[in-house]
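What follows is calculated from the coordinates using simple rules that are stated; it is not laboratory data. Computed from a prediction, not measured in an experiment: that's the story for all the values here. Cβ placement follows ideal geometry from the backbone for every residue including glycine, while neighbour counts extend to all protein chains displayed.
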Amino acid sequence: MLSIIIPTYNEEKYLGRLLRLIKNQSYQPKEIIVADNRSTDRTVLIARKFGCRVIKGGTPAQGRTAGGKAATGGIFLFLDADVVFKGRNFLKRIINDYKNNRNSIATVWFVSQERNFLNKFICWVANLNKKINLIITKKWRVVIGDYGLFIICSRSIFNTVGFFSTLATNAITMEDTLFFRETIKKGAQYRVLPEKIYISGRRLKNKNLFRLLTWGTLCLLIITASFFKLRVNRDMIRMYEEIRKGR
């Protein structure tokens, strides 16, 4: 049985759309858990309207961890609130495909929801990253990193790590990258399922080309340093997160 886990903070613009897509699926999850970080908009009301189980969240890492610990299904699907997928059988195909190898942590391919060049470029980079991961995991059982917008794993795979962590105390990013790395290090297989999700451009809010390139460069430096187990400068993480949040 499937548990869907969605960390939220002020997601009223997107959450209802995602929940409607889920409710219209031919395969229905056992539960939808919304781990909310004290939203000040209608996020919680929307979640309850659709029959979701609302629990206390926090940062994305804390929300995903709380959701995983509260979930009662045998398979966990972590989603961001702004993603979109197509077709009534999307979840059915995902579950059937994943059940063929439950000793895995899997993601899907990303497609831009918008015609915005920068958002398309981000999706292209993300998919290139996945292709590289598929190559290097076969030989070294490691990944560069991956993204928390869509993560599917079994309860047993989640429990091998038990939580999403970050690169530094009080940091809010890279929890997805570290979760992929730790589960694979402990024996999970990395997979990219033959499905697509559509990504909004909200991650580009308040970012011009210069800020986006700076953000991408810092991201690459941080991931590379952590990959080789080098010490990551906290100021670098702080700068990356401020640009990511559009400050």
Discussion item. Is the C-alpha gyration tensor of the range 2-203 telling us rounded, prolate or oblate? Criteria: a/c under 1.5 is rounded; beyond that, a/b larger than b/c is prolate, otherwise oblate.
Written reply: rounded
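Let me make sure I get this right: for the range 60-100, a, b and c are the square roots of the gyration tensor eigenvalues over alpha carbons, sorted descending. Under 1.5 in a/c it's rounded, otherwise prolate if a/b > b/c, else oblate. Which is it? Can you show the working numbers first?
Values: a/c = 3.07, a/b = 1.41, b/c = 2.18.
Taking the square roots of the gyration eigenvalues as a ≥ b ≥ c, the range 60-100 is oblate.
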Item to complete: Using amide H atoms built 1.01 Å from N in the peptide plane, name the residues 5+ places from residue 199, or on other chains, whose amide H lies under 5 Å from its own.
Response: 111, 112, 113
Worksheet item: What are the ³J(HN,Hα) values, in whole Hz, obtained from phi via the Karplus relation 6.51 cos²θ - 1.76 cosθ + 1.60 with θ = phi - 60°, for each residue of the range 79-94 in sequence order, with x given for Gly and Pro?
Response: 10, 8, 5, 9, 7, 9, 9, 10, x, 6, 9, 4, 5, 4, 5, 4
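When DSSP beta bridges are limited to those with both residues in the range 2-203, what percentage is antiparallel, rounded to the nearest 5?
Working: 8 of 30 bridges.
Percent antiparallel among DSSP bridges in the range 2-203 is about 25.
Sequence gap of 8 or more, or different chains, plus Cα separation below 19 Å: how many lysine pairs satisfy both in the range 71-156? Walk me through the numbers on the way to the answer.
Numbers: 86/120; 120/130; 120/131; 130/138; 130/139; 131/139.
Close lysine pairs under the 19 Å cut-off: 6.
So how do 26, 112, 200, 165 line up by other beta-carbon neighbours within 10 Å, fewest first?
Values: 26 11, 112 18, 200 21, 165 15.
Ranking 26, 112, 200, 165 by Cβ neighbours within 10 Å, fewest first, gives 26, 165, 112, 200.
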